[in-house]
Amino acid sequence: MLFLLFLLLLIASEWIFLLAIWSIPNVYLGTFGLLHLIGMLGSIGLFIWGFRRAQLRDNYKLGFSIFGFFIALGVPTMFFLIPGLVFLSLGSVLARNIGFAIAALNFLAILHGIFRGRWSWKVRTVELAFSNLPKSMDGVKLIQISDAHVGSFFNNTQKVQKAIDMINACGADYLLFTGDLVNNKAQEFRGWETLFSQIEVKKGKYSILGNHDYGDYVQWEYDHDKTANLQELIRMHQLIGWTPLLNESVELEPGFWLLGVENWGGRRFRKSGKLEETLSKTSAGFKLLLSHDPSHFDAQVIHTDIDLTLSGHTHGMQFGIERFGIKWSPVSLVYPKWAGLYQVGKQYLYVNRGFGYLGFPGRVGIYPEITELILRQKPSA
């Protein structure tokens with residue numbers, strides 16, 4: 001439904017944009033409008049053509065480039081929609097020119113997101129205090145990363161090395177990875193093992209699976225190939241020193257439990273997470289849950305005694321605004337808890353904005369994130 005609404009808005013915006021362009025008696029602007037239309041139709045056609053051919057579905061570089069071109073052309077016209085309607089209905093040249101300026105600024109923002117934004121990692125530090133946190137874990141520093149999607153990085157090892165160095169500079173006790181190491185296939189991680197093995201923490205590294213890690217979004221000739229792909233990916237987690245938690249729990253310190261569930265998502269997403277079973281393997285104490293999809297929190301987690309949940313999945317849609325006291329992204333229409341810290345009663349959820357990117361090869365306003373969580377023991381009253 002949301003996709004259909006987006007498509008209708010895009011078609012309307014493109015038509016209004018072209019009418020405004022062609023209202024100006026200038027051959028160069030007229031040609032620009034025609035080329036813009038050809039670019040839009042061409043990118044849509046190429047995208048459909050490519051995905052109808054199995055050999056191109058794994059060509060992320062081609063697919064993402066086409067999609068990025070489409071977004072760079074299409075999204076700015078959507079910001080022209082309201083000024084364009086004012087121009088067409090009232091004949092306001094000022095409204096038209098303001099619309100052109102807004103569209104141009106959005107086009108530049110998208111270009112920035114493609115060429116710089118996707119590589120602009122931010123370390124976000126969050127401190128939380130809990131009355132039931134064991135004294136031995138007072139001041140513990142956790143690094144959370146999520147949604148690496150390494151198949152999207154191609155050969156940009158030097159840029160990703162910068163992010164690994166930022167992680168190591170934090171001097172954390174634990175690394176916690178909350179799913180989606182790859183886009184679809186384990187083979188995407190080949191060649192990245194050495195780089196991700198460089199992540200240094202003092203005590204341990206733990207990980208879970210996300211919806212993309214199961215290979216659900218590609219066609220497999222045989223079922224056993226899909227199963228083998230998942231096993232290979234789990235082995236790769238272990239190869240780089242991560243301990244996968246697949247509906248499992250581990251007591252990091254007496255009275256401090258780390259739980260990890262397989263993907264549990266809302267709507268059409270896979271529900272392999274077994275929270276009740278995982279909780280049964282713990283005893284009294286502080287409980288920290290790794291669950292990829294933040295919708296799991298409202299659906300199940302709030303009915304348990306879990307203190308803190310770490311999730312990812314949304315990427316903040318890689319598009320939005322977090323400035324001037326404004327925090328908004330289109331993904332908030334689907335995920336009310338889409339980025340940052342949320343509290344329900346005494347329970348907390350933190351949603352990481354993602355380490356990598358998927359589909360659109362950029363990030364506009366919502367930058368890749370390394371989360372530094374510091375847990376404190378709340379003084380007794």
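Some values worked out for this structure:
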{"read-out": "Residue-count net charge about residue 189 - beta-carbon cut-off 13 Å; Lys, Arg +1, Asp, Glu -1", "value": "-2"}
{"read-out": "Proximal charge balance of residue 376 [Cβ under 14 Å; K/R count +1, D/E count -1]", "value": "-2"}
{"read-out": "The chain - mean residue ellipticity at 222 nm from DSSP helices (-39,500 (n - 2.57) per run, n ≥ 4, rounded to 500)", "value": "-12500 deg cm²/dmol"}
{"read-out": "Partners for residue 185 among aspartates and glutamates (Cα-Cα distance below 12 Å; same-chain residues under 8 apart left out)", "value": "58, 213, 216, 225, 232"}
{"read-out": "Antiparallel %, DSSP beta bridges [both residues in the chain], to 5", "value": "35 percent"}
{"read-out": "Highest average packing first - 139-152, 190-203, Cβ atoms within 10 Å", "value": "139-152, 190-203"}
{"read-out": "Between the range 284-344 and the range 121-182, the alpha-carbon center distance in angstrom", "value": "16 Å"}
{"read-out": "The chain shape via C-alpha gyration tensor axes, a/c threshold 1.5", "value": "prolate"}
{"read-out": "Sequence-distant residues sharing a close amide H with residue 122 (under 5 Å, placed H)", "value": "369, 370"}
{"read-out": "At least 20 Å along the helix axis (C-alpha) and Kyte average at least -0.5, DSSP helices within the chain", "value": "2-22, 27-51, 60-79, 93-115"}
{"read-out": "Stretchable slack from residue 34 to residue 343, in nm (0.36 nm times residue separation minus alpha-carbon distance)", "value": "106.2 nm"}
{"read-out": "The chain: relative contact order in percent, alpha carbon pairs under 8 Å with at least 6 residues between", "value": "21 percent"}
{"read-out": "Relative packing of peptides 220-231, 63-74, 238-249, 84-95 - highest average C-beta neighbours within 10 Å first", "value": "63-74, 238-249, 84-95, 220-231"}
{"read-out": "Ranking of 353, 268 by count of other Cβ atoms within 10 Å, fewest first", "value": "268, 353"}
{"read-out": "Order of 112, 296 under a 10 Å beta carbon neighbour criterion, fewest first", "value": "112, 296"}
{"read-out": "Value of relative contact order over the range 185-292, rounded to a whole percent, pairs C-alpha under 8 Å and six or more apart", "value": "27 percent"}
{"read-out": "Choice from 39, 215, 260 with maximal GNM fluctuation in the chain (Cα, 10 Å cutoff)", "value": "39"}
{"read-out": "Simple spin-label estimate for residue 216 and residue 47 in nanometres, 7 Å along Cα-Cβ", "value": "2.2 nm"}
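Just so you know, all these numbers are worked out from the coordinates, no wet-lab data involved. Just so you know, these numbers come straight off a predicted model, no measurement behind them. Reconstructed Cβ throughout: ideal geometry from the backbone, glycine too, with neighbour counts over all protein chains shown.
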